[in-house]
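**Q** So that we are looking at the same thing, I have put the structure below in structure tokens.
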Amino acid sequence: MRVNVDKIKVFSRSNLFFCFFVVGILFFATIILLSVPLTSNVKRRYIVHLWSRYNRFILALICGLTVRVEGLEKLPPPPYMILSKHQSAWETVTLQAFFPDAILVLKKSLLNIPVFGWALRFTGQIAIDRSQGVSALRLMAVKCKDAFSQGKVVLIFPEGTRVAPGEIGKYNPGGVGMALSSAVPIVPVAHNAGEFWAPKAYYKKPGEIQLRIGPVISTAGLGKGDRKDVNRAVQASIEGMMEEIAKESQSSQS
């Protein structure tokens, strides 16, 4: 009977979160759309940062889902590339709370979502159409290079799609290639959000997500021929942090 009560609580809180989440989208998207004639992409991305902080707040308040962050002191000065683990919808709606200057590489189809997508178009994110294959990668390379030349931070999920906790997706070398071509450092990021907000799931379980920033991987003096080695180093760093997080979670539960 206790299990059923807990499930009802999780379901009820997830429903309440969804309501506030939609309200947040409508509120912040409206501000962005109304501010287009008066503001730059930089200022509108700051509104996205505020929206991400709002999402983090309501997740903690309503669902009891908090975040412990480690390694922010390791971040280099911009420009740099963030390559992050991808387990959940959590990172797409909250990571910019921790990296306010980051430009997200995302699916172009998201721009077609009413209100949310319309506002997203005016925040300078990098949208790509994966169905275009090589041409999409070339476009992403151009946009990333332009962002780095302006001293910006770019955030990519190298696995491309969400993977379940405990699983490892294929680490695509595209993000590493972009960093190498612009000679910017790479910041590996790991987290266990999927343990509480599973891939493609509606329910959000209470708990504490661990978000870790690994040691910076330098690309100085490296070229395209080093892409595979650097990509392996990125995967080793992220998955190494994932193992550490899993061990700590298991020990805390025992």
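Each reported figure results from applying straightforward, stated rules to the coordinates on display, with no laboratory input. These figures come from a predicted structure and were not determined experimentally.
**Q** Within the chain, which complete DSSP H helices have Cα atoms spanning at least 18 Å along the helix axis and a mean Kyte-Doolittle hydropathy of 0.0 or higher?
**A** The qualifying helices are 2-35, 41-63, 134-149.
**Q** Calculate how many DSSP beta bridges within segment 2-253 are antiparallel, expressed in % of all such bridges and rounded to the nearest 5.
**A** Within segment 2-253, antiparallel bridges account for around 15 percent of the total.
**Q** Continuing with this model, one more query. Just to be sure I understand, if you calculate Cα extents along the principal axes in Å for this structure, which of [x] 60, 49, 35; [y] 47, 47, 36; [z] 51, 43, 29 do you get?
**A** The listed entry that was calculated here is [x].
**Q** Specify whether the C-alpha gyration tensor of segment 155-254 places it in the rounded, prolate or oblate class, a ≥ b ≥ c being the square roots of the eigenvalues: rounded for a/c under 1.5, otherwise prolate if a/b is larger than b/c and oblate if not.
**A** Judged from the Cα gyration tensor, segment 155-254 comes out prolate (a/c at least 1.5, a/b above b/c).
**Q** Does segment 59-198 classify as rounded, prolate or oblate by the C-alpha gyration tensor (a ≥ b ≥ c root eigenvalues; a/c under 1.5 gives rounded; else a/b over b/c gives prolate, otherwise oblate)?
**A** rounded
**Q** So which of LYS143/LYS204; LYS143/LYS170; LYS43/LYS205 end up more than 26 Å apart, counting from Cα to Cα?
**A** Too far apart for the 26 Å limit: LYS143/LYS204; LYS43/LYS205.
**Q** Pop out the ³J(HN,Hα) list for segment 122-132 in order, Karplus 6.51 cos²θ - 1.76 cosθ + 1.60 with θ = phi - 60°, rounded to Hz; leave Gly and Pro as x.
**A** Along segment 122-132, the couplings run 9, 10, x, 5, 9, 9, 10, 9, 4, 5, 7 Hz.
**Q** Classify segment 1-111: rounded, prolate or oblate, from the alpha-carbon gyration tensor (a ≥ b ≥ c, eigenvalue square roots; a/c under 1.5 rounded; otherwise prolate if a/b is larger than b/c)?
**A** oblate
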